[in-house]
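Participant: Sharing a structure below in structure tokens format, with a few things to ask.
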Amino acid sequence: MHEKRGMILKHRNDVVNGKKITNAIASELFNINDELLLDLSDAANYVTRHFYGSKVDIEELANIKKNFCSEDCTFCSQSAFFNTEITGYELPPPEKIVEQALNAKNDGAGSFCLVAAWREPSGSDFEKVCTIIDEINKKVGISVECSLGFLTAEQAEKLKKLQVKRYNHNLETSRSKFPEICTTHTYDDRIKTLKIARNAGLELCTGGIIGLGETRKQREELILEISELEPEEVTVNMLVPMPGTPLELQTKLDITEILRVFSTLRFLLPKSIIKISGGREVNLNDNGQKLLLSGANGIISAGYLTMSGNTVKKDTEMINEINLET
Ligand code: SAM
Ligand code: SF4
């Protein structure tokens, strides 16, 4: 036991001194005995505080195109394959999104992410999104991020010109689990778009959903795959089982399994923002604070794509309670 505690501290110190851990070490940390999980989480917190101090990043999302997506991702209430009875809409006029961006800025959000429920933007939809971004830049001045599905190189370059800071595209799960959760596109399609975004000079945000019925080994595969891409931001969703989707009856993951993911990600990507994303309120109750003290340093606030969430004010209070700040 003593020996393993020493091992965690050694790697913690290596990481704060700029040394990269190997996948083998990450695997050892990720699979640590339950009795040492708190040591792992404390060490991850030490690394987070070393690189980020007490700052927590708050992001708000705008669902700019809702529902009727052509893809069959089994977790997603916006897939046209499932009868989820949610209402949908096409791209709203720019003024509406500008107003949301302004509210997000006034709420205290540090970034604003435009998310669309489609496989990829059509030429005309992409032009409309560019107009929306341009208007936000002119009228609001908040860091804009996008999650628009697959991109061409030209589209990625256009986003870069429009000063989009970061592109989100999630791997969703491990390569070995992916064919069970989506058959309309491949894992490599997802990686290709991330590479296109990187080549255009955009920062990357990627991650996935845990709790899809994957094994612990597959969660380990996912975090190693994420770390290979060296994203500036990692987004970890915890499945919200949506009525009407094939995963509607999926059981929740235990908090200990979630802690392993956040803590090990911090060792692998010490300088990245690691964000607690969809499912925080539903899956964690008060455990959101535990994750912010074990590797996570960001949250999505004020609701998700098809669900409401806590207000930024409530989340800020939750953050201040543990002596962190936004
Ligand atoms: N359609 C684009 C795509 O798939 O890349 C844009 C992003 S998609 C609308 C938003 C993300 O929300 C997904 O990548 C997934 O990680 C997350 N998500 C969707 N449904 C979820 C659920 N039921 N529980 C947790 N996260 C979910
Ligand atoms: Fe479509 Fe994205 Fe939902 Fe998959 S996750 S069904 S691509 S909106």
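Participant: Select from the range 275-326 the residues that are of a type in the set (Lys, Arg) and over 23 Å from ASN106 (Cα atoms) and list them in ascending order.
Facilitator: Across the range 275-326, the qualifying residue is only LYS290.
Participant: If only one of GLY279, GLY295 is surrounded by 24 or more Cβ atoms within 10 Å (Cβ to Cβ), within 16 Å of ligand 2 (Cβ to nearest atom) and under 17 Å from the mean Cα position of the chain (by Cα), which one is it?
Facilitator: GLY279
Participant: Still on this structure, please answer the following. Residue pairs, Cβ under 9 Å, 6 or more apart or interchain, first in the range 235-257 and at positive phi, second surrounded by 15 or more Cβ atoms within 10 Å (Cβ to Cβ) and in a loop (DSSP other than H, G, I, E, B). List them.
Facilitator: Cβ pairs passing all conditions: GLY244/SER77; GLY244/PHE82; GLY244/THR84; GLY244/ILE86.
Participant: Now, a different point. Run down ILE223, ILE273, ILE258 and say which single residue is surrounded by 23 or more Cβ atoms within 10 Å (Cβ to Cβ), β-branched (Val, Ile, Thr), out of contact with any strand residue (DSSP E or B) (no Cβ under 8 Å at 6 or more places or on another chain) and more than 21 Å from SER308 (Cα to Cα). Working first, answer last.
Facilitator: Values: ILE273 fails: out of contact with any strand residue (DSSP E or B) (no Cβ under 8 Å at 6 or more places or on another chain); ILE258 fails: out of contact with any strand residue (DSSP E or B) (no Cβ under 8 Å at 6 or more places or on another chain).
Step by step, each of ILE223, ILE273, ILE258 is checked, and only ILE223 is surrounded by 23 or more Cβ atoms within 10 Å (Cβ to Cβ), β-branched (Val, Ile, Thr), out of contact with any strand residue (DSSP E or B) (no Cβ under 8 Å at 6 or more places or on another chain) and more than 21 Å from SER308 (Cα to Cα).
Participant: Against the condition crowded, with 16+ Cβ neighbours inside 10 Å, aliphatic (A, V, I, L, M) and within 15 Å of ligand 2 (Cβ to nearest atom), how does LEU212 come out, does it pass?
Facilitator: Working: crowded, with 16+ Cβ neighbours inside 10 Å: yes; aliphatic (A, V, I, L, M): yes; within 15 Å of ligand 2 (Cβ to nearest atom): yes.
Answer is yes for this residue.
Participant: Another question about this same structure. Residue under question is ALA116, and the condition is that it be aliphatic (A, V, I, L, M) and within 16 Å of ligand 2 (Cβ to nearest atom); does it hold?
Facilitator: On the way: aliphatic (A, V, I, L, M): yes; within 16 Å of ligand 2 (Cβ to nearest atom): yes.
For ALA116, the condition - aliphatic (A, V, I, L, M) and within 16 Å of ligand 2 (Cβ to nearest atom) - is met.
Participant: Additional query: Do you know which of the residues in the range 263-278 that are in a loop (DSSP other than H, G, I, E, B) and among the hydroxyl-bearing types (Ser, Thr, Tyr) is farthest from ligand 1 (Cβ to nearest atom)?
Facilitator: Taking the range 263-278 and keeping what is in a loop (DSSP other than H, G, I, E, B), we get 269-272, 277-278.
Checking which are among the hydroxyl-bearing types (Ser, Thr, Tyr) leaves us with 272, 277.
Working: SER272: 17, SER277: 7 Å.
So, considering only residues that are in a loop (DSSP other than H, G, I, E, B) and among the hydroxyl-bearing types (Ser, Thr, Tyr), the one farthest from ligand 1 (Cβ to nearest atom) is SER272.
Participant: Testing THR22 on (1) under 20 Å from the mean Cα position of the chain (by Cα); (2) surrounded by fewer than 14 Cβ atoms within 10 Å (Cβ to Cβ); (3) β-branched (Val, Ile, Thr), one condition comes back false. Which one is that?
Facilitator: Unmet condition: (1).
Participant: Also, quick follow-up: Please work out which residue is nearest to THR206 (Cα to Cα), limiting yourself to the range 216-258 and to residues that are more than 12 Å from ligand 1 (Cβ to nearest atom) and of a type in the set (Lys, Arg).
Facilitator: ARG219
Participant: Tell me the residue from PHE30, PHE68, PHE75, PHE51 that is farther than 28 Å from GLU135 by Cβ, within 16 Å of ligand 2 (Cβ to nearest atom) and either at pLDDT 95 or above or among the hydrophobic types (A, V, I, L, M, F, W, C) (or both), please.
Facilitator: On the way: PHE30 fails: within 16 Å of ligand 2 (Cβ to nearest atom); PHE68 fails: farther than 28 Å from GLU135 by Cβ; PHE51 fails: within 16 Å of ligand 2 (Cβ to nearest atom).
Just a single option satisfies the conditions, and that option is PHE75.
Participant: Only residues in the range 299-314 that are on the phi > 0 side of the Ramachandran plot count as the first member; pair them with residues that are modelled with pLDDT of 80 or more and within 15 Å of ligand 1 (Cβ to nearest atom), Cβ under 6 angstrom, at least 6 apart or cross-chain, and list the lot.
Facilitator: Listed pairs, sorted by first residue: ALA302/GLU60.
Participant: Which condition breaks for ALA80 when tested against (1) surrounded by fewer than 23 Cβ atoms within 10 Å (Cβ to Cβ); (2) hydrophobic (A, V, I, L, M, F, W, C); (3) away from ligand 2 (no atom under 14 Å from the Cβ)?
Facilitator: It is condition (3) that ALA80 fails.
Participant: I would also like to ask the following. Can you tell me how many residues within the range 25-37 are loosely packed, with under 13 Cβ neighbours inside 10 Å and part of a loop (DSSP other than H, G, I, E, B)?
Facilitator: Looking only at that region, the number is 2.
Participant: Out of all the residues in the range 126-143, is one or more touching a Gly at 6+ places or on another chain (Cβ under 7 Å) and away from ligand 2 (no atom under 16 Å from the Cβ)?
Facilitator: yes
Participant: Check whether at least one residue in the range 309-316 is in contact with a Leu (Cβ under 8 Å, 6 or more places away or on another chain) and either outside any loop (DSSP other than H, G, I, E, B) or small (Gly, Ala, Ser) (or both), and report yes or no.
Facilitator: Looking through the range 309-316, none of the residues is in contact with a Leu (Cβ under 8 Å, 6 or more places away or on another chain) and either outside any loop (DSSP other than H, G, I, E, B) or small (Gly, Ala, Ser) (or both).
The values are calculated or read from the model by the stated rules, or taken from the named source; none is laboratory data. Keep in mind it's a predicted model, so treat the numbers as computed, not measured. Every residue, glycine as well, gets a Cβ built from its backbone with ideal geometry; the counts of neighbours run over all protein chains shown.
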